[in-house]
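*Asks:* This is the structure I have questions about; it appears just below.
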Amino acid sequence: MSAKMQLTENNLLRILESPEYREFLSGFQQRSVAAKALVCAPYDQGDRVFVVKSGRLRVYLAYEDKEFTLALLEPGDVFSSHTRALVMALEDSLLLVTDTASIQHWIARFPAFSQVMGQVLGELLKNSISIIEGLVFKGVRERLSEFLYRLASKKGEPKGQGLLIELDLTTEDVALLLGTTRQTVSQMLNELIREGILERKSRRSLLVRDLSALHSWKDPTPT
């Protein structure tokens with residue numbers, strides 16, 4: 001099973017493309033966004049809502065020279081521009097965009113949209129709290145081990161004596177989510193492999209050989 005980072009299990013694209021939502025979908029405009037382009041920023045004028053049709057977007061906060069990733073948006077995720085977060089396309093992406101006023105007009109007739117939007121914002125809040133907690137109280141080793149443990153527990157596929165994760169994220173994507181560098185993530189993955197906790201099956205496939213050891217893998221306690 002591919003370990004995608006979609007914020008909800010409900011793919012809004014499938015909902016919008018069903019016949020009963022055709023009129024609602026007609027109110028969206030399709031917009032292409034090039035990789036590394038900003039989709040929205042805190043200083044933008046106007047409130048918009050968009051659904052990711054293809055590609056991947058990063059939601060993050062920036063302060064001076066630091067950036068904190070809150071979430072990665074996958075196809076089927078929905079987001080609003082009025083959250084004060086920055087949204088950047090990590091790859092060429094296609095969005096379905098409409099204004100907030102249109103959403104408010106239709107939302108009573110199409111409750112599935114508001115339900116998924118609420119789930120996305122709820123996940124963003126949970127991710128934000130987890131990031132703050134991790135950056136303040138946990139080291140990078142612990143943040144990485146918890147990230148991999150959650151993926152393995154939720155989406156790992158039993159294989160032999162372990163759990164296989166098809167990680168549909170680059171090392172840089174993981175580093176952005178954990179608030180560290182690509183080099184640090186690579187180094188720590190290699191440590192986990194040397195210790196026999198992980199086994200690399202392919203460039204983006206990892207076999208978790210010892211889930212318990214992964215869960216307890218933390219920064220050494222100072223002596």
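*Asks:* Being open to solvent by less than 60 Å² (accessible area, probe 1.4 Å) and either at negative phi or of a type in the set (A, V, I, L, M) (or both) is the requirement here; does ARG58 meet it?
*Replies:* Here the answer is yes, as ARG58 does meet what is asked.
*Asks:* Right, next: In this structure, does PRO158 turn out to be touching a Leu at 6+ places or on another chain (Cβ under 9 Å) and either closer than 24 Å to VAL51 by Cα or open to solvent by 30 Å² or more (accessible area, probe 1.4 Å) (or both)?
*Replies:* yes
*Asks:* Just checking, does region 83-93 include any residue being open to solvent by less than 60 Å² (accessible area, probe 1.4 Å) and more than 27 Å from GLY179 (Cα to Cα)?
*Replies:* no
Residue by residue, here is whether (1) assigned to a helix (DSSP H, G or I); (2) over 12 Å from VAL208 (Cβ atoms); (3) under 20 Å from the mean Cα position of the chain (by Cα); (4) touching a residue at least 40 places away in the same chain (Cβ under 8 Å) holds:
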residue: ARG143; (1), (2), (3), (4): yes, yes, yes, no
residue: ALA152; (1), (2), (3), (4): yes, no, yes, yes
residue: ILE165; (1), (2), (3), (4): no, no, yes, yes
residue: GLU172; (1), (2), (3), (4): yes, yes, yes, no
residue: ALA175; (1), (2), (3), (4): yes, yes, yes, no
residue: THR180; (1), (2), (3), (4): no, yes, yes, yes
residue: THR184; (1), (2), (3), (4): yes, yes, yes, yes
residue: MET188; (1), (2), (3), (4): yes, yes, no, yes
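*Asks:* Also, I was wondering about something else. Taking the stated definitions as given, is ARG194 exposed (fewer than 14 other Cβ atoms within 10 Å of the Cβ), free of Cβ contacts under 8 Å to residues at least 40 places away in the same chain and of a type outside the set (Phe, Trp, Tyr)?
*Replies:* yes
*Asks:* On to the next question. Here is a check on your reading of the model: is SER153 of a type in the set (Ser, Thr, Tyr) and open to solvent by 50 Å² or more (accessible area, probe 1.4 Å)?
*Replies:* Criteria met by SER153.
*Asks:* Which ones in region 95-110 are part of a helix (DSSP H, G or I) and within 17 Å of VAL52 (Cβ to Cβ)?
*Replies:* ILE103
*Asks:* OK, next. When you scan region 59-70, do you find a residue that is under 22 Å from ALA34 (Cβ atoms), in a strand (DSSP E or B), at pLDDT 85 or above and not hydroxyl-bearing (Ser, Thr, Tyr), even just one?
*Replies:* There is at least one residue in region 59-70 that is under 22 Å from ALA34 (Cβ atoms), in a strand (DSSP E or B), at pLDDT 85 or above and not hydroxyl-bearing (Ser, Thr, Tyr).
*Asks:* Separate question: Condition first: touching a residue at least 12 places away in the same chain (Cβ under 8 Å), over 27 Å from GLU67 (Cβ atoms) and open to solvent by less than 80 Å² (accessible area, probe 1.4 Å). Now tell me which residues in region 199-213 satisfy that.
*Replies:* Residues satisfying the conditions are GLU199, SER205, LEU207, VAL208, ASP210, LEU211, ALA213.
*Asks:* Which one of GLY156, GLY162, GLY179 is small (Gly, Ala, Ser) and over 15 Å from LEU198 (Cβ atoms)?
*Replies:* GLY179
*Asks:* Looking only at region 42-63, count how many residues are more than 26 Å from LEU16 (Cα to Cα) and within 18 Å of the chain's Cα centre (by Cα).
*Replies:* 3
The values are calculated or read from the model by the stated rules, or taken from the named source; none is laboratory data. No experiment lies behind these values; they were computed from the predicted model shown. Note that we place each Cβ from the backbone using ideal geometry, even for glycine, and neighbour counts take in every protein chain shown. All accessible areas refer to the heavy atoms of the entire protein, side chains included, with ligands and DNA or RNA removed. Shrake-Rupley method; radii C 1.70, N 1.55, O 1.52, S 1.80 Å.
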